[in-house]
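Worksheet for the structure shown next.
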Amino acid sequence: MNAIPPSDSNEPTRYRTIWISDIHLGTRGCKADFLLDFLKHNESDTLYLVGDIIDIWRMRRSWYWVQPHNDVVQKLLRKARKGTRVVFIPGNHDEIFREYLGNPFGGIEVEEEVIHTLADGRRFLVLHGDKFDTVVRYARWLAVLGDSAYAMSLAMNAWFNAIRRRLGYPYWSLSAYLKHRVKNAVEYIGRFEEAVADEARRRQVDGVVCGHIHKAEIRDMDGITYCNDGDWVESCTALVEHADGRLEILSWAEVRQLSFA
């Protein structure tokens, strides 16, 4: 079982906007318990689900759906019912939902992309980002093969952290470390970030928010503010907008000092 420590306060933190993506419900790597904890302790006027929320690719090959995954869906629907604007932007792993663009369900909007205006007036393009991934676009079989290898690394990550936990060490993502140390992966991430920033520049906006590559970051790229909200299979991160328009990456493992299974 995942051990989640009690919160010091029953009052959730309020943000103007929250972005989360790459939850991959339907996979063993999904940290649904920790996402539920995050959703419980954080509220926002707008919540963007920036793709790969449900991993249809994986579920077509191997069915895996446990109660916490169902609880995440119910929690998101409940937020929409209670007045949070929830916008779902499908990614490549849940691209089947792109057939329903413009047709809300359960109070959740479904859009291909959105222009979000921050409290300070800056305009940001919000999209998943897979259309800038040439592997996904032009070699789908290779992307599926890569997805399988990634799933294997996540399984190794679980075993690795089980040992660390027994030794009294905190969570540390072996899979993320390996991915960010492999030369080809580092080069791919760099090309992806440049392509997304170039699109934002072409669209004449101030910045971009995306997911897809599971690497949370905020940085300036020649005048474009590039933001990636990360994932909920490795780092458990979210991007938030404060009331004044300031952007911040929240690493929920660090904020709550969670112990990962």
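All of the numbers you see were taken from the coordinates with simple rules; none came from a lab. Values in this document were obtained by computation on a predicted structure and should not be read as measured data. We place every Cβ from the backbone using ideal geometry, glycine too, and count neighbours over all the protein chains shown.
Taking other Cβ atoms within 10 Å as a rough exposure proxy, Lys82, Lys131 sort from fewest to most as Lys82, Lys131.
Between Arg123 and Thr13, the FRET efficiency from the beta-carbon distance, with R0 = 35 Å, is close to 0.90. Taking chymotrypsin sites (Phe, Trp or Tyr not before Pro) across segment 10-73, the ones in a DSSP loop with at most 15 further Cβ atoms lying within 10 angstrom of their Cβ are Trp63, Tyr64, Trp65. How high is the FRET efficiency between Glu217 and Lys40 when r is their beta carbon distance and R₀ equals 22 Å, given to the nearest 0.05? For R0 = 22 Å, the calculated efficiency reads 0.30. Checking the cross-link pairs Lys31/Lys79; Lys75/Lys215; Lys82/Lys131; Lys40/Lys82; Lys31/Lys215 against a 23 Å limit on the alpha carbon distance flags Lys75/Lys215; Lys82/Lys131 as lying beyond it.
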